[in-house]
Structures are given as structure tokens and as C-alpha cells.
Amino acid sequence: MEYGPNEMALDLDALRAGGAEFEVRLRLEQLLLQTLRKDGLRGVAQLLASVPGYGVRQLQGGESENAARYSCLGGDGPAVIVYASTTPDLDVIDVTADDGPHHPVESDPWHDRFYGEWEAMLGLDDAAVAKLDLPRRAVFLIGLLEAEVMNGGLGQYLTNTDGVHLESTLGLLDEIGATRTRRILARAVGLSSDAESFVAAWDGRSEEFSALDDEFLAAAEDLAGMTARAFLA
């Protein structure tokens with residue numbers, strides 16, 4: 001079934017009313033993420049503006065040339081807040097129902113610290129990563145996992161990293177309490193146990209990897225916030 005502005009309006013209504021929140025958020029975030037990757041922040045704003053019965057405005061506070069927050073409001077009730085951020089290595093969409101216009105949306109300081117540290121370390125090679133102190137190494141490895149999976153899935157993560165930081169990353173997921181994400185990553189590794197390489201495993205078991213990608217998104221653990229609280233506090 002086609003999912004466009006009319007269907008988005010129904011999902012926004014349901015989200016504002018508190019109905020089917022998980023399924024609604026997942027559909028909205030997947031469409032907006034596709035739009036962000038294809039058309040950038042302007043494309044996200046244009047898509048939101050096309051939703052019938054809703055008005056959209058960009059919120060002040062916490063934006064940069066690579067990030068923006070939008071408020072979508074239709075009739076009475078809370079607005080829906082859409083946060084969009086894009087860098088060469090990581091695209092992020094977050095959709096939530098606000099408590100109302102009397103609760104202004106503020107930048108998340110934990111996310112700001114995490115992504116600030118992560119962006120400062122982009123491009124480091126394995127030797128440089130090994131020399132980082134634990135807090136910065138935690139940010140780099142968790143950020144790398146999130147970026148690779150959101151960009152191309154668990155198969156891409158394992159293929160591009162070749163498992164070099166795998167044990168450390170699994171340990172960090174344990175340490176920050178991201179148990180669902182850890183289990184999903186471990187299962188992805190298990191799909192590769194009998195293959196010649198991660199590339200061969202991804203090619204031969206693509207449907208199983210895709211199902212795990214869906215579980216990763218559904219787990220919806222706040223890896224950035226959890227890592228920042230554990231290591232940057």
C-alpha cells in the first residue's frame with residue numbers, strides 16, 4: 001500500500017492521540033529517513049508541509065546547518081515534533097508527540113555531547129581508535145555501529161568493519177545496558193559463523209539480515225543517550 005501524505009495524516013492523528021505509538025512512529029520515521037537521505041532537510045520540511053490538515057513550522061533552539069526540529073500541529077491536542085539530523089556518516093530522524101505548546105522543545109544535552117564527540121572523531125583508523133581513552137572509544141564504537149546500521153544494516157556494519165571492534169562493541173552494549181541491541185548484534189554475528197566472510201554471509205542470508213535490521217529499529221534503544229550517560233557524565 002502506498003504510504004504518502006494522506007496516510008501520514010492518519011498516523012500523526014494516532015500518535016497525537018496516543019494510539020499504536022510504536023507502529024506509527026516506525027512508519028513515520030522510516031519514510032522521513034528515506035526522504036532525508038534522498039532530499040535532505042529541505043525534503044523533510046516539504047514532505048511535512050504536504051500533510052493535509054497539518055501546519056508545520058521549524059522550531060528555534062538546537063539547530064545547525066545539519067539539523068532541524070519541526071512542529072506539526074493539526075487541530076486541538078499536542079503537536080508532533082520531528083527532529084532531523086544529517087551528516088556524511090549518520091542520518092537521524094526522531095518523531096515524538098509533544099506535551100503541548102507550553103512545553104518548548106529543547107536540545108537533548110546528552111545527544112549533543114555524544115554526537116559532538118562522534119563527529120570530532122570521524123575518519124579515525126583502527127590504530128587511532130585503539131589509542132583513544134575509554135569514554136571516547138565508547139562513543140566512537142557505538143556511533144560507528146549506529147551509523148553503519150542506519151545507513152545499510154547489520155550486514156553493512158559487519159562487512160565494513162570486518163569484525164575488528166566487535167568484541168569491544170558487544171561489551172560496551174552490555175555496559176550501557178543496551179541488552180536488546182546486543183542480542184540482535186550477536187545474532188547477526190551468528191549468521192556469519194559458517195560463512196567464509198561477513199560479505200559471503202550477507203550475500204547468502206540477506207533476508208535474515210534484513211529481518212534483524214527491522215528488529216534493530218524496533219528495539220529503539222537510545223544508544224547515544226545511554227552511552228553519553230555512562231561515559232560522558
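The values are calculated or read from the model by the stated rules, or taken from the named source; none is laboratory data. Note that this is a predicted model, so its numbers are computed, not measured. Every residue, glycine as well, gets a Cβ built from its backbone with ideal geometry; the counts of neighbours run over all protein chains shown.
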(request) May I ask you to list the residues in the range 177-187 that are surrounded by fewer than 22 Cβ atoms within 10 Å (Cβ to Cβ) and either within 12 Å of ALA230 (Cβ to Cβ) or free of Cβ contacts under 8 Å to residues at least 12 places away in the same chain (or both)? (result) GLY177, THR179, ARG183
(message) Just to be sure before I move on: is VAL149 under 18 Å from the mean Cα position of the chain (by Cα), in contact (Cβ under 8 Å) with a residue 40 or more places away in the chain, crowded, with 18+ Cβ neighbours inside 10 Å and in the same structural domain as SER85 (by TED's automatic domain parsing) in the structure I sent?
(response) no
(message) I'm trying to understand the selection: among the residues of the range 218-233, which are among the acidic types (Asp, Glu) and without any contact (Cβ under 8 Å) to a residue 24 or more places away in the chain?
(response) ASP222
(message) Give me the residue from the range 98-150 that is closer than 30 Å to ASP13 by Cα and among the acidic types (Asp, Glu) and, out of that set, modelled with the highest pLDDT.
(response) GLU146
(message) Is it the case, given these coordinates, that ASP125 is closer than 20 Å to PRO88 by Cα, of a type in the set (D, E, K, R), surrounded by fewer than 17 Cβ atoms within 10 Å (Cβ to Cβ) and under 18 Å from the mean Cα position of the chain (by Cα)?
(response) no
(message) Give me the residue from the range 157-176 that is without any contact (Cβ under 8 Å) to a residue 40 or more places away in the chain and more than 16 Å from ALA138 (Cβ to Cβ) and, out of that set, nearest to the chain's Cα centre (by Cα).
(response) TYR157
(request) Would you mind finding the one in SER210, SER197 that is exposed (fewer than 15 other Cβ atoms within 10 Å of the Cβ) and either touching a residue at least 40 places away in the same chain (Cβ under 8 Å) or touching a Pro at 6+ places or on another chain (Cβ under 7 Å) (or both)? (result) SER210
(request) Quickly run through the range 32-54 and pick out the residues that are over 13 Å from VAL82 (Cβ atoms) and of a type outside the set (Ser, Thr, Tyr). (result) GLN34, ARG37, LYS38, ASP39, GLY40, ARG42, PRO52, GLY53
